[in-house]
Structures are given as C-alpha cells and as structure tokens.
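Down below is the structure, laid out as structure tokens.
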Amino acid sequence: MKPRALLLLPLLLAPFGVEAETIDPRQEYRTCLALARQKPEDGWEEAIAWQSLGGGEPARHCAAVALIGLGKLEEAAKRLESLAQHSRSTEALRAEMLAQAAQAWLHAGKIEQALADLDTGLDLAPNQPDLLLDKAVILAQAAHYQKAVDVLTGLLKIQPNRVEAMVLRGSAYRYLDKLELAKEDIARALVLDADLPDALLERGMIRRLEDNSAGAREDWMKAITAAPDSIAADTARRNLEIMDVKTK
C-alpha cells in the first residue's frame, strides 16, 4: 500500500510588508502548494518569490514541498524538520510537518529517520490516526510486521472502520503466517468496501497461499476491473502472470 496523501493544513501567516498587501495569503498558500505538488519547478519559483514578499512559514513550507517533487528529498526533510521545530503554529500542524518530513526520508530510503520524525510527531499529537497509519506503513515496508500490527491495532481502536488500516494489518498478519487473522481483517474491509482494490489483491494472495487458485484469480481480476490504473491492479497482473507461468 502506498503510503496516504498527507493533509496540508493552513499555517499561521507572518506579517506582510506593503508590497504584499494585495496578496490573499490563504489563496496564495493554496496556489503555491498545488504548484509544488503538480509542477515542482514552478512551485519552487512561486515559493521563493512569495518568501521575498514576506511569505514567512507558508512560503518556506511550500518551498520544502517543492523540493520533494524535485527529488531533493534529504534537503526537503531537513527543512520540514526545522520548520516543525521552530514554528509558532499548533502542535497538530507541527506534527503534520514532521509527517511530511518522514515521507521525504522514506522516499530517500532513510527508514530510521522517517520513523524518528513520526515518533516526534506523535509526541506532539498523540494517537493522531493519520500519523499512526504512516508509521505502520513504514514499519511494514521495513518488514517489522509485528510492530506494524501493534500500531494498527491501536489505530483501529480509535477508528474502527478505517479500511486502509484493516487491509494493511491483514497484509502484516499474512507475512506473520497468521492467515486466520489476516482473513478476518480483509473480510471486514470488504464488507465496508466490496470493490476496494487493495483488499481484493490481499484476499487473492491469501487464497493463493491456501491453494485456491480459482479464488485468487477471481479476486485479482476484480482488483484490475475496480481500478485498472492502480498499483494494486499492476500487482494483480504480475501475480496472474506468475501464476499462469507456474501452471503451464
């Protein structure tokens, strides 16, 4: 599973000078962040220009987000960490900045740094569900499956119907060879969303482990039909190819 898309919350805005008085700060922030995500080069230029006009924290935040898109991941992470440390914004928002830093570290292959930032973020915003999910995703990617299960169990106590958490915990249980528990989580997720590609993909994997090739094929075909351009669909296609090769 891919890690989730992080929320970009409004920041406290620094005072603007005379030249910036015609700028709507909130609209500029939204515009800058959209550019930073979609067209990082343009977002970077927008952030630097805004910063020169007194954009303060929001402009620096936008610049850091643009750096992620430009592939300068470690620099982006360090900037986000610094922003979170020195920001006068709420603890929840500072935690969100650290979550973004963690995503940058993750993409840079720095798992320990990513986990450290998330733990600091959770110190600021204890039991924040999105941060817990981010941490579980990283733990699973690092093959710390039992730790991921523990985090997800805590998350599901807070948000019992969080389907991403159910599917991820089901996947972690599968890696731990706890197939009955895995099946329970996936079945529950599919009750909530019968066409959820990640859940269909995972149920197919479980069925394949149980030598139910027909069931696995059915689930993987459903995952492809539900979201043809998704990562889950791509994985389902590869699994079908592998299964077909083995059965020839």
- request: Report, to the nearest 10°, how far helix 145-158 tilts away from the longest principal axis of the Cα atoms in the chain, using its own Cα long axis and a range of 0 to 90°.
  value: 70
Loop sites in the range 56-124: trypsin sites (Lys or Arg not before Pro), DSSP, at most 15 other Cβ within 10 Å: Arg88
- line: Using alpha carbon centers only, the range 118-178 is separated from the range 193-234 by a whole-angstrom value of 22
statement: Helix 129-141: inclination vs the chain longest Cα principal axis, degrees, rounded to 10, gives 60
- request: Compute the long axis of helix 231-247 from its Cα atoms, compare it with the longest principal axis of the Cα atoms of the chain, and write down the angle in degrees, 0 to 90, nearest 10.
  value: 30
query: With the calculation restricted to Cα positions, what are the radius of gyration and Dmax of the range 104-153 in angstrom?
result: 10.1, 28
- line: Taking the square root of 5λ for each eigenvalue of the C-alpha gyration tensor of the range 59-100, the equivalent ellipsoid has semi-axes, largest first and in whole angstrom, of 18, 9, 8
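Could you tell me the ratio Rg/Rh of the range 113-209? Both radii from Cα atoms, Rh via Kirkwood.
0.98
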- line: hull vol. (C-alpha, convex hull) per residue for the chain, Å³ -> 133
message: Using a 10 Å cut-off around each Cβ, can you sort Val149, Val167, Val245, Val191 from fewest to most neighbouring Cβ atoms?
response: Val245, Val191, Val149, Val167
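Since every read-out is calculated from the coordinates, none of them should be taken as a lab result. Since the model is a prediction, treat every value here as computed from it, not as a measurement. For neighbour counting, all protein chains shown are included, and Cβ atoms are generated from backbone atoms with ideal geometry for every residue, glycine included.
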